[in-house]
Amino acid sequence: MRIRTRATFVLCVFGVLGLGAGCGYSEEEMRAKTREIERLRGELNASQTERTRMQGRIDALSTENQAMTDRLRALGQDVESLRAQSGALATDLDAARRREEELRRQQQASEARLATFRQMLERFRAMIQSGQLRVRIVRGRMVVELAENILFDSGQAELKEEGQNALRQVGAVLGQIQGRDFQVAGHTDNVPIRTRRFPSNWELSTARAVTVAKFLQESGVAAARLSAAGYADSQPSGSNDTEDGRRQNRRIEIVLMPNLDELPDLSSLEGQAQ
């Protein structure tokens, strides 16, 4: 069985992406994203090489099969096993082709994420340099972090004037980011609070997140793109054993959520989940 090839099947999908540290985006984080792209590039190149190798095997086997078929027909022997072998190689080639397409999709999604991250960093440059916020990459997601003392008084969930001014600037940037949702996450240190309004740090962190989400909505960010969550002291950024660490833990994070096309394809699990 003959497999047709197309000389233009493989397209060059990689460009030169200049990455540099700065604007609050550390060199380590930029190197991590660069390594991700290089890994995908290596896998794509390996896939293309493997596909070319298998195509060569199929061509050689097809030629050999034809010669053997002619001989076996003369002898009245069965040639189905040879056809099955050729079909198996064709199946392997199709699998390699699908893997190549998936790697290309992952590469494009990764480059799109980096472009969005760099765009946000540039727009937040002035606020980063003034110390009003910092931008981090946490578990593959971009996080805009604002300290508690900029937004709230201790133990309170009402925005200070300084916090309102900072959030207006943040909202102006977020409103220009297309096709992205944002989660506002409230975090505290491990010092317990026990008031009538806030019986624990869970209530305080959640109330602060809701306050910020509502203010961002008033600043022009669509409500459908916002969510709020309180984490109390369950996700510390620093050590709660020191005052500086506790200060780092008292914060509001605005998390840039992934698009659906950046999530793993779980369609193969359909019918298995109960």
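Just so you know, all these numbers are worked out from the coordinates, no wet-lab data involved. None of the values given here were measured: they were computed from a predicted structure. Reconstructed Cβ throughout: ideal geometry from the backbone, glycine too, with neighbour counts over all protein chains shown.
Listing for the model above:
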item: Equivalent-ellipsoid semi-axes of the stretch 124-261, from the Cα gyration tensor, Å, largest first; result: 23, 16, 15
item: Per residue, the convex hull volume that the Cα atoms of the stretch 27-112 enclose (Å³); result: 64
item: Residue among 256, 176, 157 farthest towards the positive dipole end of the stretch 124-261, charges placed on Cβ; result: 176
